[in-house]
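Structure first, then comments.
The values are calculated or read from the model by the stated rules, or taken from the named source; none is laboratory data. Only a predicted model underlies this, so the values are computations on that prediction, with no experimental measurement involved. Backbone-built Cβ (ideal geometry, glycine too); neighbour counts: all protein chains shown. Just so you know, the surface numbers come from the protein's heavy atoms only, side chains and all, with ligands and any DNA or RNA stripped out. Shrake-Rupley method; radii C 1.70, N 1.55, O 1.52, S 1.80 Å.
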Amino acid sequence: MKNTEFLDACRNAIGAAHVLTDEADKAGYLTDQRQRFTGAALAVVKPADTAEVAAIVKLCAQFQIPIVPQGGNTGLVLGSVPDQSGQAIVLSLKRLNRIRAVDPLNHTITAEAGCILQHIQEAAAAEQTLFPLSLAAEGSCTIGGNLSTNAGGTAVLRYGNTRELCLGLEVVTAQGDILHGLRGLRKDNTGYDLRDLFIGAEGTLGVITAAVLKIFPLPKAQLTALAAVQAPADALRLLSLAQSRCGATLTGFELMSDLCLQLVAKHFPQLQFPFAQRHPQYVLLELSDNESAEHASGLLEAVIGDALEQDICQDAVLASSTAQSRALWQLRESISSAQAMEGKNIKHDISLPISRIAEFIAVTDALLQQHFPACRNVTFGHLGDGNLHYNVSSPVDSSAEQFIERQADVNRIVHDSVDRMGGSISAEHGLGALKREEILRYKSPMEMALMKTIKQALDPLNLMNPGKVI
């Protein structure tokens, strides 16, 4: 009876067409991106604007209905899907998809939470500016989800995570009130930074409905190179060389193991491998230059020339056109898809002090081979900011399903190694439900107590994405 009354109230608030209760209509919102888990929901509710979000949240508070906010549902830690109790609603933000303003002089763009990341990039580009957040799911992920997980991507080295790209937020609190914080200010030292409480909170403290985001002058040139190196330690030497020569012009620096590109070649044979022979590791680096293509080309050629002369890298190719640059990036961006096509695997999204990455890979690879002989390490990621996607696949010709059953044992080896080296078990994917218990092993009791205090203060009824993060 309570649920019926609640759903009727939701229909009155936003229109019956936007309150989905049929199982077939709800299905697309209930399964996670990796197709590993399917939850259940009382309804999928799709408000059109911030006022309607606030109205729905107030009804949820009144009827004690849990809320699972959802953007593009591209997350990897079960943060945007409900549990299997069927008691919660999925609050889809997809209809909040408007660019509210672009201010080239203030270098800001104001976008609603349901805006697809690629659309924000395009809106910025139409004003001859750059919104630099870039990740593989940019054609389907939303900026609200990016903010809620503090997404990283390929340009963190230069521009920072999503948190660094956000100046102000509009948020619906757990009580259904609207926090009006859409101020495009670089400096605002007037008390606690409420914005930062909601960024990275994965929807557990409130619902982000809009944001003021930084945009930047559009680079005059972007140049890409792929370098072959013998080991991660050499990739780090190349990083140091490129940073010393190029400074802020270096905007991308990605590490890929040979196995990564072998999987890409196997499952995407139409993509061209640029080297005549294989090498143990590869680095994809990109320069974004505000002076000229000639200046960028000179810098990149000098870096690669020095690296070859100092035996830091064994071979390199420099893209001479936008098409060639995209082809090199496509190799990098196809790794996750190729690994998925190869079979189920165990993913780790970790961060480490950059100086310890080579040591981590060597030590952890050896530990995994000791306990899981012939397992395959598919290691790639954003070396420039210390973030590795350290994924582990089953041995060739063995059961991926049986290997996945040992996930907890694999995680323990990897995460303990991360912790010993001063790293984090979640760099950019968040905790969600998948790592909620795992983090208890690595965060101090005081850290967890402070997080719970914040949660209790802002969401005392525990209705905002319950069961996620803490």
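Charge tally around His295: other residues with Cβ under 14 Å, Lys/Arg +1 each, Asp/Glu -1 each, net -2. Peptides 449-458, 106-115, ordered by how many other C-beta atoms sit within 10 Å of their residues on average, highest first, read 106-115, 449-458. The accessible area of Val207, taken with all protein chains in place and a 1.4 Å probe, comes to roughly 0 Å².
Charges were assigned to the Cβ only: +1 to each Lys and Arg, -1 to each Asp and Glu. The resulting dipole of the range 368-470 about its Cα centre is roughly 280 debye. Placing Arg420, Arg195 in order of accessible area, with the largest value first and a 1.4 Å probe, yields Arg420, Arg195.
Between Gln243 and Asn189, the simple label model (points 7 Å from Cα in the Cβ direction) yields a spacing of 2.7 nm.
When you work out D = kT/(6 pi eta Rh) for the chain at 25 °C and 0.890 mPa s, using the Kirkwood radius from C-alpha pairs as Rh and the Stokes-Einstein form, the result is 105 µm²/s. Annotation: lysines with alpha-carbon distance below 17 angstrom to Lys214 (same-chain offsets under eight excluded): Lys187. Which of rounded, prolate or oblate describes the range 142-202 when judged by the alpha-carbon gyration tensor and an a/c cut-off of 1.5? Verdict is oblate for the range 142-202. Averaging Cα coordinates gives a centre for the range 25-83 and one for the range 86-149; these two points are 18 Å apart.
Name the residues of the range 305-324 whose amide N is less than 12 Å from a point 7 angstrom out from the Cα of Ser297 along the C-beta direction? What the label zone holds, given the 12 Å backbone N cut-off, is 319-322.
If you take all C-alpha pairs in the range 8-149, what percent of them are over 24 Å apart? Here the tail beyond 24 Å accounts for 34 percent of pairs. Report the label-to-label distance for Met448 and Ala408 in nanometres (one decimal), using points 7 Å from each Cα along the Cα→Cβ vector. For Met448 paired with Ala408, the spin-label model returns 1.6 nm. Each Lys and Arg adds +1 at its Cβ and each Asp and Glu adds -1 at its Cβ; summed about the Cα centre, the range 11-63 shows a dipole of about 140 debye. Restricting to DSSP loop positions (anything but H, G, I, E, B) with no more than 16 other Cβ atoms inside 10 Å of their own Cβ, which GluC sites (Glu not before Pro) remain in the range 359-411? When the GluC sites (Glu not before Pro) of the range 359-411 are filtered for loop state and at most 16 Cβ neighbours within 10 Å, Glu405 remain.
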